[in-house]
Ligand code: FES
Ligand code: FES
């Protein structure tokens, strides 16, 4: 083992680990973070995604010794107590099913929108393509990316919680999903 | 913008793992609800006969382990919450909020949110004043966990009745307090007031907050549980029917949720399994010295052909599993055919013994042979559907804590109750000393490998005497997870001169022998690898498509075939979302389309004619509701009636539309797919889908829509990409390259969900709530294949339709 230094969500950490250890296990097991999750360990699915200096990287493939930049995890997006517009869009669109993959979806979208704040449908499909979801929430993920893009263009963007009609005779009411 | 912290309410302290666990237990204990029943069962090693290398070993693998003590003290036991006590289901806190306890789990379809809505409605409490706890064997009554899309259809009913009963008791308490008859009280959002004098009011918290109800319920089983109060009529429901946001989503979006995969306990170590490299291989030797120098190495555990390595840290365990030197002996007979030869093998194999493996619902009506012989036109076709896996996005995992002679398993297994009893049986422990805590995890669409991982963790934890975390690797999940069975289905149909269907003969072969059930101590993978065998392997039958077509002469037969290797095989089958539905409906609904084409009829009109062939209906109006969904889908799509295929296009991209209809239990569904077929690349894109869906009373329209969208896209994935491939020795689908799934590129541009909700009589909104977790899934493969036929004139009879296969089929047809 040896001393490795990391910067994660604005904090510095010095750890005594094998330098070849994938960043994923250090984030999860040493720093107790829950956003990045194991999905394949092969760079194929995106569930382990974190941002490094704003770029989406796969923490399962990155030796901890080569995680030199500023790492942001899902927790880090709302570290200041405010949800990122991407996270807010995910809630407004009620995207997740099980949610296991959504760390990868959200951070991939975050990196995409930072690069290209107004992506076309095709650019969204392209940019998100490596983030797999086995509950197949792609349709809502893509709507949420568009919603986040609009919110960013409008300077931050929360949601109007009202709207959406009911069925079974119940009328629309406050507190319902606005989709 | 809302603050993250507010959006991530952790469940109240009753949920906290240790402290809360105790307080909830104490709460229940002081109410005298626990039935302590160790004496009723003898828990020494249970005798299961063992045909494998383990030779006569019992399932109770080694009796009580290092931490086991003979006499379970009450402190380390977890008796079952009594479903006949109101306090087991519902607690009102001093501040007037409530916690509900249900024995279900939520795989991401919003089951918890829907149950909370229903219980709030019956209790007359605002939705945001309640929390809901699910699937902890020590805290929530045994409702079996998830399965069969029955949470809303079946298990919500006792929960509703119990909440209604709580409301009744609260009104009674208020009646005493105000000395006013209960029917002169009104209640709104947890406040009871005197109708004539609203200033006289009390909150639920004032009336009972923090105290027990001590009210006994009745019912011969958990599903019948009821108090005295009736549930509300549909017209009285206020919280039900609204698209309330799912309570679990914020914490899944801001990273604050603790998942089963996150559980870390003091002293916990990490394990990885080492699987046989060839199906049916026998482990000859293990060289522990090959890994002894890996830092953090603790132990190799071996029993029969089951092998695991245990290390202090996760990455060390991964390295040790990769480095461990073992010698395996291949079995002499090939365990199974290759996936290339699968369907030929299945059609040629002798079905498993007479009287087994037949359809549980053999259908024989009229005289199909005579009708076929005299038919004007006979249509014949065979359909092939490969093995498909769950391949969860997060491979199977569990943490087990063996401290103090008890065993606690943290898991996302969708059936925590059978997980508990199965593990207890496997370890030879009293069930009361085993506790299973369900936590969120990746999808739970059936009998996943979460079952297997929990048993492994518990076994290893007992061997090590320390908490153990087991995590399967990607290749294990994809290769060794339970599979949905392969089908080879042959159909013959007869049409008369007028194009009416006069006969249908359906014969299916299903590769489903020794199908594994849920959490069975004698079929979980670790048991199989240890040489344990079930006394009675499942014969592995199946049923045909579920439709309401009126066809005077028909036969339906489904028989199981087996491979040489029935156990310790990566081709073990188990329930996968909508078990057998997508396979049988693919064949059934593709074939109806083939007959429509032979009759030169419009596919929608052809189906409606078959549905209207009789006016007989059943008590749940399944026929009328089937007709309604087919009509609703066609209308929403803008279906223009004409036979398929359409006039051939000449460009590179051909487009077409196809319909498929089915019901599942009580839910009727019709789905229309519009596809684009790229003639040059072979790529199929489902551009648009319309799904008309009738599951009766809708609890949460947006949640239902999300669930249906997931079902449809999962169906697209199984139709276009998913196939477990294998050579004659092993499964070769081991990751996302060798076992592709749909990606963002494949998502439809538009999905329209049409909630039919109780037709045929839209003025009759009192249809009960039926299941929606699976029914729409089964309609997808045939809708896509029928649309490809419409676009190209080429019939796709084998899924998945990866580009290579589509190109091959187009070339073969000269299209
Ligand atoms: S876990 Fe890293 S890409 Fe799949
Ligand atoms: S939401 Fe379940 S895997 Fe994506």
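The values are calculated or read from the model by the stated rules, or taken from the named source; none is laboratory data. Since this is a predicted model, take the numbers as computed values, not measurements. Ideal geometry is used to build each Cβ from the backbone, glycine not excepted, and the neighbour counts take in all protein chains shown.
For the reader, a short list of remarks on this structure follows.
- Tabulated pairs, region A:145-159, first closer than 23 Å to residue A:129 by Cα, second modelled with pLDDT under 95, C-beta under 9 angstrom, 6+ apart or interchain: A:147/A:157; A:147/A:159; A:148/A:157; A:150/A:157; A:151/A:157; A:151/A:158; A:151/A:159
- Screening A:43, A:35 for residues that are outside the structural domain of residue A:118 (by TED's automatic domain parsing), touching a helix residue (DSSP H, G or I) at 6+ places or on another chain (Cβ under 9 Å), assigned to a loop (DSSP other than H, G, I, E, B) and within 14 Å of ligand 1 (Cβ to nearest atom) leaves exactly one candidate, A:35.
- For region B:689-700, a residue qualifies if it is within 7 Å of chain A (Cβ to nearest Cβ) and either closer than 19 Å to residue B:582 by Cβ or surrounded by fewer than 24 Cβ atoms within 10 Å (Cβ to Cβ) (or both), and exactly one does: B:697.
- Subset of region A:89-103 that is more than 8 Å from chain B (Cβ to nearest Cβ) and closer than 11 Å to residue B:245 by Cα - its residue that is surrounded by the fewest Cβ atoms within 10 Å (Cβ to Cβ): A:92
- Residue match in region A:60-67 (condition: within 11 Å of ligand 1 (Cβ to nearest atom) and surrounded by 24 or more Cβ atoms within 10 Å (Cβ to Cβ)): yes
- Any chance residue B:811 is part of a loop (DSSP other than H, G, I, E, B), over 21 Å from residue B:585 (Cα atoms) and away from chain A (no Cβ under 14 Å): no
- Test: residue in region B:452-472 that is within 16 Å of ligand 1 (Cβ to nearest atom) and either touching a residue at least 60 places away in the same chain (Cβ under 8 Å) or crowded, with 24+ Cβ neighbours inside 10 Å (or both): yes
- Residues of region A:68-88 classified as surrounded by fewer than 21 Cβ atoms within 10 Å (Cβ to Cβ) and without any contact (Cβ under 8 Å) to a residue 24 or more places away in the chain, total: 4
- Under the condition of being closer than 8 Å to residue B:113 by Cα and buried (at least 24 other Cβ atoms within 10 Å of the Cβ), the residues counted in region B:246-259 number 1.
Let's see how each residue does on (1) in contact with a helix residue (DSSP H, G or I) (Cβ under 6 Å, 6 or more places away or on another chain); (2) surrounded by fewer than 23 Cβ atoms within 10 Å (Cβ to Cβ):
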| site | (1), (2) |
| --- | --- |
| B:515 | no, no |
| B:525 | yes, no |
| B:528 | no, no |
| B:532 | no, no |
| B:538 | no, yes |
| B:543 | no, yes |
| B:547 | no, yes |
| B:551 | no, yes |
| B:555 | yes, yes |
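- Tally of residues being within 12 Å of chain B (Cβ to nearest Cβ) and over 11 Å from the mean Cα position of the chain (by Cα) across region A:60-77: 3
- You will find that of A:86, A:26, the residue that is within 16 Å of ligand 2 (Cβ to nearest atom), at the interface with another protein chain (Cβ under 10 Å from one of its Cβ atoms) and part of a helix (DSSP H, G or I) is A:86 and no other.
- Scanning region B:626-648 for residues that are without any contact (Cβ under 8 Å) to a residue 12 or more places away in the chain and closer than 19 Å to residue B:598 by Cβ gives a single hit, B:647.
- Matching residues in region B:305-323 - criterion: being outside any helix (DSSP H, G or I) and farther than 20 Å from residue B:466 by Cβ: B:305
- Selection of region A:47-83 for residues being more than 15 Å from ligand 2 (Cβ to nearest atom), part of a loop (DSSP other than H, G, I, E, B), within 26 Å of residue B:443 (Cα to Cα) and at pLDDT 95 or above yields A:59, A:60, A:61, A:73, A:83.
- Yes/no for residue A:54 being over 17 Å from the mean Cα position of the chain (by Cα), within 23 Å of residue A:116 (Cα to Cα) and either within 7 Å of chain B (Cβ to nearest Cβ) or more than 9 Å from ligand 1 (Cβ to nearest atom) (or both): no
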